[in-house]
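Colleague: This is the structure, below, for whatever I ask next.
What follows draws every value from the coordinates through simple rules; no lab data is involved. The structure presented is a predicted model; accordingly, all values stated were derived computationally and were not measured. Virtual Cβ from ideal backbone geometry, glycine too; neighbours counted across all protein chains shown.
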Amino acid sequence: MLGANDGIVSVASLVVGVAGATTDSATLLAAGVAGLVGGAISMALGEYVSVSSQRDSQRALIEKERGELADNPATELEELASIYQAKGLSPATARLVAEELTAHDPLTAHLEAELGITENQVVSPWAAAGASALAFALGALLPLLAILLPPPEIRVPVAFAVVLLALALTGFLSARIGGNPALRPTIRVVLGGAIALVVTFAIGTLLGTSGVA
């Protein structure tokens, strides 16, 4: 939802700003496609770098835990038992649980109890980058179509309406997915998008009427 929301706001602001300066469809198409492609690539690169750092950190923690288990298995068993004891188990039960989990798969037992991860849950930078780029592109496609498909005389009002409705939907869905009340986040997203559209349109109109663009 966040990627789609970014795509909607970024490209909508771009094409509405350009529409304030010119009604030429080819110019609007070029600006919108450039914004869509550039934004999707930027989102993908940012996500790739961020998730790569997270992946490297996870791998380092896994290797550290693997080394500690090899060097000090008894100490690690006591540590695991203390974790379960802190969660409310009796000392005897915590010790039994720790012993049985260690006998089955000591690395997984420690990773889950101490770090909340497993070896199979190490994040993928490529998957995150692809998902981020796709979400941005899908979000960006909406304002691009909304500015290009209507007749020139109504394309800006139509784009405003479509974009604000889309933002209301993404704000509502984001709040519901997060288990939060939807009204305030939805208003916040729509208001922010409306401000971006008004400002960029005003700047585009000013540049167009002044002859700069």
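Colleague: Just going by the charge dipole of the chain, with Lys and Arg at +1 and Asp and Glu at -1 on Cβ, which of Pro157, Ala34, Ala60 is farthest out on the positive end?
Modeller: My answer, from the dipole projection, is Pro157.
Colleague: I would also like to ask the following. Helix 73-86: angle to the longest alpha-carbon principal axis of the chain, degrees 0 to 90, nearest 10?
Modeller: 70 degrees
Colleague: In percent, what relative contact order does the chain have, based on Cα pairs under 8 Å that are 6 or more apart in sequence? Intermediate results must be reported in sequence, preceding the final value.
Modeller: On the way: 263 pairs, mean separation 85.1, N = 213.
RCO, the chain: 40 percent.
Colleague: Give me the percent relative contact order of the range 1-125, please, defined on Cα pairs under 8 angstrom at least 6 residues apart. Walk me through the numbers on the way to the answer.
Modeller: Details: 75 pairs, mean separation 31.5, N = 125.
It comes to 25 percent, rounded to a whole number.
Colleague: Size of the dipole of the chain about the Cα centre, Lys and Arg at +1 and Asp and Glu at -1 on the beta carbon, nothing else charged, in debye to 20? Kindly include the intermediate steps, with their values, before the conclusion.
Modeller: Working: 10 positive and 18 negative charges, 257 e Å.
Result for the chain is approximately 1240 debye, rounded to the nearest 20.
Colleague: Sticking with this one: Express the C-alpha Rg of the range 53-121 as a ratio against the empirical globular expectation 2.2 N^0.38 Å, rounded to two decimals.
Modeller: Details: Rg = 12.1 Å, N = 69, 2.2 N^0.38 = 11.0 Å.
Its radius of gyration relative to the 2.2 N^0.38 Å reference: 1.10.
Colleague: Given charges of +1 on the Cβ of Lys and Arg and -1 on the Cβ of Asp and Glu, with all other atoms neutral, how large is the dipole of the range 53-121 about its Cα centre, in debye to the nearest 20?
Modeller: Numbers: 6 positive and 14 negative charges, 39 e Å.
In total the dipole reaches around 180 debye.
Colleague: Taking just the alpha carbons, could you work out the radius of gyration and Dmax for the range 1-107, both in angstroms?
Modeller: Over the range 1-107's Cα set, Rg and Dmax evaluate to 26.6, 77 Å.
Colleague: Ignoring everything except DSSP H segments at least 4 long, calculate the 222 nm mean residue ellipticity for the chain; use -39,500 (n - 2.57) per segment, divide by total residues, nearest 500.
Modeller: Working: 8 runs with 175 residues, N = 213.
That calculation yields -28500 deg cm²/dmol at 222 nm.
Colleague: For the range 53-175, what is the convex hull volume of the alpha-carbon atoms per residue, in Å³?
Modeller: Working: hull volume 16.4 nm³, N = 123.
Cα-based convex hull of the range 53-175, divided per residue, equals 133 Å³.
Colleague: Quick one: what are the phi-derived ³J(HN,Hα) couplings along the range 162-168, Karplus 6.51/-1.76/1.60 with θ = phi - 60°, whole Hz, x for glycine and proline?
Modeller: Ordered by residue, 3J(HN,Hα) equals 5, 5, 5, 5, 5, 5, 4 Hz.
Colleague: Each residue of the range 111-116 in turn: what ³J(HN,Hα) in whole Hz from Karplus with 6.51, -1.76, 1.60 and θ = phi - 60°, glycine and Pro shown as x?
Modeller: 4, 5, 6, 8, 10, x
Colleague: Return the single residue from Pro91, Pro185, Pro150 with maximal mean-square fluctuation; model: Gaussian network over the chain, springs between Cα atoms under 10 Å.
Modeller: Of Pro91, Pro185, Pro150, the Gaussian network model singles out Pro91 as fluctuating most.
Colleague: Using the C-alpha atoms of the chain, what convex hull volume per residue, in cubic angstrom, is computed? Let's see the in-between values first.
Modeller: Numbers: hull volume 29.8 nm³, N = 213.
Normalising the Cα hull of the chain by residue number yields 140 Å³.
Colleague: Using the Cβ atoms and a cut-off under 13 Å, what net charge is assigned to the surroundings of Val18, where Lys and Arg are +1 and Asp and Glu are -1? Mind dumping the intermediate values first?
Modeller: Working: positive: Arg155; negative: Asp24.
Around Val18, the charge tally is 0.
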